[in-house]
1. Just to confirm the filter: which GluC sites (Glu not before Pro) across the stretch 137-228 are DSSP coil and have at most 11 other Cβ within 10 angstrom of their Cβ?
2. Got a sec? How would 153, 96, 80, 190 order by Cβ neighbour count within 10 Å, fewest to most?
3. In the neighborhood of residue 81, defined by Cβ-to-Cβ distances under 11 Å, what is the net charge if each Lys or Arg adds +1 and each Asp or Glu adds -1?
4. Run lengths n ≥ 4 of DSSP H only: what is the helix-derived mean residue ellipticity at 222 nm for the chain, with -39500 (n - 2.57) per run over all residues, to the nearest 500?
5. DSSP loop (so not H, G, I, E, B), at most 16 other Cβ within 10 Å: list which chymotrypsin sites (Phe, Trp or Tyr not before Pro) in the stretch 112-163 pass both filters.
6. Measure nothing but the geometry: give the 0 to 90° angle between the long axis through the Cα atoms of 139-151 and the longest principal axis through the Cα atoms of the chain, rounded to 10°.
7. Give the relative contact order (percent, whole number) for the chain; include only Cα pairs under 8 Å separated by 6+ residues.
8. Take the Cα of residue 29, step 7 Å along the line toward its Cβ, and report every residue of the stretch 59-84 whose backbone nitrogen sits under 16 Å from that point.
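Please treat every number below as a calculation from the coordinates, not as lab data. The model shown is predicted, which means the values in this text are computed figures rather than measured ones. A quick note on method: Cβ atoms are made from the backbone with ideal geometry, for glycine too, and the neighbour counts reach across all protein chains shown.
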Amino acid sequence: MPSAQKPGKAVVLLSGGLDSATVLALAQAQGYQCYTMSFDYGQRHRAELSAAKALAQSAGVLEHKLIGLDLDGMGGSALTDHQMAMPEERQLGIPTTYVPARNTVFLALALGWAEVLDARDIFIGVNAVDYSGYPDCRPEFIRMFEQLANLATRAGVEGQGFRVQAPLQYLSKAEIVQLGIRHGVDYRQTVSCYQATELGFACGRCDSCRLRAEGFAAAGVTDPTRYS
């Protein structure tokens, strides 16, 4: 594991949504030299990718990398399979918007870039409080991936190691919004909707929109989301 030293380089997974924008602001506030990574994985729209690019530019990160993946080729998720209906009612259990292995793949690629950059920290905006039931957002998953990172890499074997940081893990959506506001996050730049228009207008009906709206309301903050 990395020793307690002055923060160095970090890879931040940046989706373009509310949570990842907050995580980027937190990492920078802690003094990390941030590199951001987004994924074009076959999701229904590219508006979140435009948002991620704009957020990275506004934050002045050292480099923003966009990786293309063909997760839509596998299907199995309402986020990547246009033949599946997008749920607009809250679902019990693991919802159809779960993308098989998504966070595992994302973290693996972030790990590879971190090793190339000689970075020791990877930040991800997963959350286990106000979340949609995804198994790869749980604290257990983050802990186990960190163990894998330190077993499966040259840096880990040579004792330098990696840390996977999920600073929003135990916060409610309202607490995340309040934290982001304190760190100057401009949530007008973010896109969270599962079926946003290409210009980034939110549907206001999907589970992600519902959680986001409830978070702003509970935080006592005006919702800056642009709705269709």
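1. Qualifying residues, ordered by number: 158, 198.
2. 96, 153, 80, 190
3. For residues surrounding residue 81, the net value is 0.
4. Theoretical 222 nm ellipticity from helices: -11000 deg cm²/dmol.
5. 131
6. That helix lies at roughly 30 degrees to the long axis.
7. 25 percent
8. Correct set: 59.
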